[in-house]
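Only one structure is covered here, and it is reproduced in the block below.
The values are calculated or read from the model by the stated rules, or taken from the named source; none is laboratory data. This one's a predicted model, so the numbers in the text were calculated from it and none came from an experiment. Positions of Cβ are backbone-derived with ideal geometry, glycine not excepted, and every protein chain shown enters the neighbour counts.
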Amino acid sequence: MSFWENLSSPIVGLAPMDGITDEPMRQITAQYGQPGVIFTEFVNVEYAAARPEKIFNRFWYSSHQRPIVAQLSGVNPNLFYQLAFIIAYLGFDGVDINMGCPVKSVTARGGGARLINNRPLAKELVLATKKGLDDWEKGKKITEVADAGLVAAAKAVQKKNYQRGNKKNQKVVPVLSIKTRPGLNRPLVEDWLAFLLELPIKTLTVHGRLLSAAHSGPVDWESLRAAAAIAHQNKKILIGNGGVGSFRQGQEISQKYHLDGVLIGRAALGNPWVFADKVPSKEERLSVMMAHARYFVECFGQENFIILRKHLAWYAAGFPGAKKLRSRLVRTNNLPEVEEIVKQTIRLRT
């Protein structure tokens, strides 16, 4: 039995978001929200092979984030094989293939949502990934499977993850899943989604908007209902995604459309409490924002502080004076500046 069957039903998890669900964001979300499952940002396999030292920090995680699924994108089957083995080597609970990203830099290379209805390549990527996981389970060594640069980067990540509390010598065989959309310009439930559910995966997550809609417009939950029926006939798990604004809404949608659960994305930005069905006080928002900021600097250094600004802005919402605070936070350049602004904000309130 996979970890998916052991999760509380319905599942409400943290969706993968590129440039957002990094190690600090996931850690804070796990600590204060405790989602049912957590996904990493996607790791592009071609870029990982070329510059592993630049992107392998996306594989950092702590034991508090379990169950955690690493997501891969790209179009090279051999690299999917190698990266799947590495994900297993690093002890992840799952590996997910991105077949739904609408970003042009991804789709222009034939990856992400451009895999929709590209059956030959989609199947090849799934089978290559599955072989990587199978070879890990059979006891192959990482040096037999992966290129030297990838091996070195994986060992460096493993060392970092041990420091974050992960257990050594813990043998985990990740569960294979796919995240996609119903279609390009029209729903392809009986075609594309049914095809994916016949592949050797355990779980299919479907963002309920077409590629042509990207992240806007209504979510086609009826197509997801139809996909769930096919999934359950095949003894697979179907997770919905798109526009879910709260834990309670996720539960209601799952029940109404007979889904096994949902993933929450944008509603979790600066709001780890969404998974705990809780509305935090202003003081709690600012306190957790500071914890997030400190951990970000610990992970990525002061030199990357500008990346953090968007997270600071997301925390500054839902209370009087939030707009003014947000405009100050997005202009900060270092941690002491944020700390001083928070002190001033709390002092003014008292």
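Things to note:
- Residues of segment 163-182 classified as under 21 Å from the mean Cα position of the chain (by Cα) and not hydrophobic (A, V, I, L, M, F, W, C), total: 9
- Taking the listed residues Val219, Val157, the one that is under 21 Å from Thr40 (Cβ atoms) and surrounded by 13 or more Cβ atoms within 10 Å (Cβ to Cβ) is Val157, with no other qualifying.
- Screening the candidates Arg285, Arg328 for the property of being closer than 30 Å to Gln251 by Cβ and touching a helix residue (DSSP H, G or I) at 6+ places or on another chain (Cβ under 9 Å) yields one hit, Arg285.
- Test: residue in segment 339-348 that is closer than 30 Å to Val37 by Cβ and among the aliphatic types (A, V, I, L, M): no
- Test: residue in segment 137-144 that is among the polar types (S, T, N, Q) and farther than 24 Å from Pro16 by Cβ: yes
- Conditions (1) touching a strand residue (DSSP E or B) at 6+ places or on another chain (Cβ under 8 Å); (2) closer than 20 Å to Thr203 by Cβ; (3) in contact (Cβ under 8 Å) with a residue 24 or more places away in the chain: number failed by Asp22: (2)
- Number of positions in segment 161-200 that are surrounded by fewer than 14 Cβ atoms within 10 Å (Cβ to Cβ), of a type in the set (S, T, N, Q) and in contact with a strand residue (DSSP E or B) (Cβ under 9 Å, 6 or more places away or on another chain): 0
- Checklist (1) part of a helix (DSSP H, G or I); (2) at pLDDT 95 or above applied to Lys179, failing item: (1)
- Pairs meeting the criteria (first residue in segment 141-152 and farther than 9 Å from Ala49 by Cβ, second residue part of a helix (DSSP H, G or I) and of a type in the set (Ser, Thr, Tyr), beta carbons under 7 Å, at least 6 apart or on different chains) are Ile142/Tyr89; Val151/Thr143.
- Val106 vs. criteria on the phi < 0 side of the Ramachandran plot and in a strand (DSSP E or B): no
- Residues of segment 257-301 that are among the small types (Gly, Ala, Ser), over 15 Å from Ala228 (Cα atoms) and outside any helix (DSSP H, G or I): Gly265, Gly270, Ser281, Gly301.
- Any chance Ser254 is out of contact with any Phe, Trp or Tyr (no Cβ under 6 Å at 6 or more places or on another chain), assigned to a helix (DSSP H, G or I) and surrounded by 22 or more Cβ atoms within 10 Å (Cβ to Cβ): yes
- Residue in segment 119-129 that is touching a strand residue (DSSP E or B) at 6+ places or on another chain (Cβ under 8 Å) and either basic (Lys, Arg) or in the same structural domain as Cys299 (by TED's automatic domain parsing) (or both) present: no
- The single condition from (1) buried (at least 20 other Cβ atoms within 10 Å of the Cβ); (2) within 27 Å of Gln27 (Cβ to Cβ) that Val126 fails is (2).
- Tally of residues being at pLDDT below 95 and surrounded by 14 or more Cβ atoms within 10 Å (Cβ to Cβ) across segment 310-321: 2
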